[in-house]
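The values are calculated or read from the model by the stated rules, or taken from the named source; none is laboratory data. Keep in mind it's a predicted model, so treat the numbers as computed, not measured. For neighbour counting, all protein chains shown are included, and Cβ atoms are generated from backbone atoms with ideal geometry for every residue, glycine included. Remember, those area values only see protein heavy atoms, side chains included, never the ligands or the DNA or RNA. Shrake-Rupley method; radii C 1.70, N 1.55, O 1.52, S 1.80 Å.
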Amino acid sequence: EAGVEEGFVEAERALATRRDDRRHTLDALVAAMEKCVEGVELSARGGGSARCEPKAFQSLCSAYREALKSAGEEDEVVIYAKNFIKFEEQRKAELAALDKQL
């Protein structure tokens, strides 16, 4: 019985650690998305085209990759981040095309 109980305690600790890791990576992902949105809002207020700062975007992509490993692609926050990244990449391409035309 002691061996079974010890195994249960170990499994419980591993599960708690995994949940903590997942929570931390998702928190970091949300913070990275917020940072990008803040940058877009600030650049738009400054009269320029609304853009996520490159450093903030790279941080977002990195946080996304970590969250994808930790939480999986079906997690709601991960899905939103994926869509946000795709949108920013498309916007960047469109703005570059417009700049080229001008």
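How much accessible area per residue does the chain have, counting only protein heavy atoms and a probe of 1.4 Å, in square angstrom?
Working: 7760 Å² over 102 residues.
Per residue, the chain has an accessible area of 76 Å².
List the lysines whose alpha-carbon lies under 20 Å from that of LYS35, not counting same-chain residues fewer than 8 positions away?
Candidates past the 8-residue exclusion: LYS55, LYS82, LYS86, LYS92.
Just how large is the dipole of the stretch 14-102 about the Cα centre, in debye to the nearest 20, putting +1 at every Lys and Arg Cβ and -1 at every Asp and Glu Cβ?
On the way: 15 positive and 16 negative charges, 37 e Å.
So the dipole magnitude of the stretch 14-102 works out to roughly 180 debye.
Calculate for the chain the 222 nm mean residue ellipticity that helices alone would give, adding -39,500 (n - 2.57) per DSSP H run of length 4 or more and normalising by residue count, nearest 500 deg cm²/dmol.
Numbers: 3 runs with 88 residues, N = 102.
It comes out at -31000 deg cm²/dmol, rounded to the nearest 500.
Which GluC sites (Glu not before Pro) in the chain pass both tests, a DSSP loop state and at most 14 other beta-carbon atoms within 10 Å?
Values: sites: GLU1, GLU5, GLU6, GLU10, GLU12, GLU34, GLU38, GLU41, GLU66, GLU73, GLU74, GLU76, GLU88, GLU89, GLU94; in loops: GLU1, GLU73, GLU74.
Qualifying residues, ordered by number: GLU1, GLU73, GLU74.
State the volume of the convex hull built on the alpha-carbon positions of the chain, expressed per residue in Å³ and rounded to an integer. Don't skip to the end; give the middle numbers.
Values: hull volume 8.7 nm³, N = 102.
In the chain, the Cα convex hull volume per residue is 85 Å³.
When the accessible area of the chain is computed with all protein chains present and a 1.4 Å probe, what percentage of it is carbon and sulfur?
Summing carbon and sulfur atoms, their accessible area is 54 percent of the total for the chain.
Just add up the charged neighbours of GLU94: K/R +1, D/E -1, any other residue whose Cβ is under 14 Å from the Cβ of GLU94. Intermediate values should be presented prior to the final figure.
Values: positive: ARG51, LYS86, ARG91, LYS92, LYS100; negative: GLU88, GLU89, ASP99.
Charge balance near GLU94 sits at +2.
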